[in-house]
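Read the figures in this text as sums done on the coordinates, not as results from a lab. Since this is a predicted model, take the numbers as computed values, not measurements. Methodologically, a virtual Cβ is constructed for each residue, glycine included, from the backbone with ideal geometry; neighbour enumeration extends over all protein chains shown.
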Amino acid sequence: DAGVIQSPRHEVTEMGQEVTLRCKPISGHNSLFWYRQTMMRGLELLIYFNNNVPIDDSGMPEDRFSAKMPNASFSTLKIQPSEPRDSAVYFCASSLLRDETQYFGPGTRLLVL
Amino acid sequence: SQQGEEDPQALSIQEGENATMNCSYKTSINNLQWYRQNSGRGLVHLILIRSNEREKHSGRLRVTLDTSKKSSSLLITASRAADTASYFCATDAAGGTSYGKLTFGQGTILTVHP
């Protein structure tokens, strides 16, 4: 089983650039979660999808952040324009809709200079 | 604000000793979960305890839940150096419409010295 796949694993970019993070959930899972982890704020839920539909995006910090899930096997988190305070590790997790356990990807470490 | 607050923030023990971590939360829950995160990795699910359960075991892990005190504890017995990691509690709030949404605590950093 491949697990949750995230790409890229590391991203270094300059302030103002667009950043796109990608996630492939575990096959058959129908819930997908995007989290951000920083030392200051811990692990924060940004947005999550059930059956490709966004359910709760109250954690998305501002309009610069957007997320899509065009199909059951792919999701993107986009930051445009990026700012240094967006530097963090971004995790994607997936689960079965009626299973409370979430399976996390390895994360994307983002550094915005 | 964070639903789960963990205590202690950091714990350092010798191999073979037991490690106990505590988690407190604020609202009614459906379940409480514990996750582990090794440095530079994603979180891994360890154990889930439902609101109507008081204690659960899995291998060297023992979890307790006291809903009257809104608290949980994770006990790792006979710790090993490989248990060195950060441990997080996560709660699934009851009564909400966002099914499956977890709120994570700040975590306890456990260091087990060989």
Please report the orientation-averaged projected area of the range B:1-52, defined via the convex hull of its C-alpha atoms, in nm². 5.1
Could you check how many percent of all C-alpha pairs in chain B are farther apart than 20 Å? 36
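For the protein assembly as shown, state the average projected area of the convex hull of the C-alpha atoms over all orientations, rounded to one decimal in nm².
Details: hull surface 49.5 nm².
It is 12.4 nm².
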For the range A:62-113 and the range B:40-68, distance of Cα centres in Å: 26
Need the full-extension length gain, residue B:20 to residue B:75, defined as separation in residues times 0.36 nm minus the C-alpha distance. One decimal, nm. 19.4 nm
Sorted by chain and number, the residues with a modelled amide H under 5 Å from that of residue B:107, at a separation of 5 or more or across chains, are B:6, B:89
Student exercise: in the protein assembly as shown, how many lysine pairs 8 or more apart or on different chains have Cα atoms under 29 Å apart? 15
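Contour minus end-to-end for residue A:15 and residue A:78, with contour as 0.36 nm per residue of separation and end-to-end as the Cα-Cα distance? Intermediate values should be presented prior to the final figure.
On the way: separation 63, 0.36 × 63 = 22.68 nm, distance 1.40 nm.
Using 0.36 nm per residue and subtracting the Cα-Cα distance, I get 21.3 nm.
Work out the mean other chain Cβ neighbour count within 10 Å for the residues of B:39-46 and drop it here as an integer. Before the final figure, lay out each step's value.
Values: counts 0, 5, 5, 15, 10, 2, 7, 1.
Average per residue, whole number: 6.
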Would you mind estimating how fast chain A diffuses translationally, via Stokes-Einstein at 25 °C and 0.890 mPa s with the Kirkwood radius over Cα pairs, in µm²/s? 177
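What's the average, rounded to a whole number, of partner chain beta-carbon atoms within 10 Å of each residue's beta-carbon in B:102-108?
That average works out to 4.
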Give me the net charge for the shell around residue A:22: Cβ to Cβ below 12 angstrom, other residues only, Lys and Arg +1, Asp and Glu -1. +3
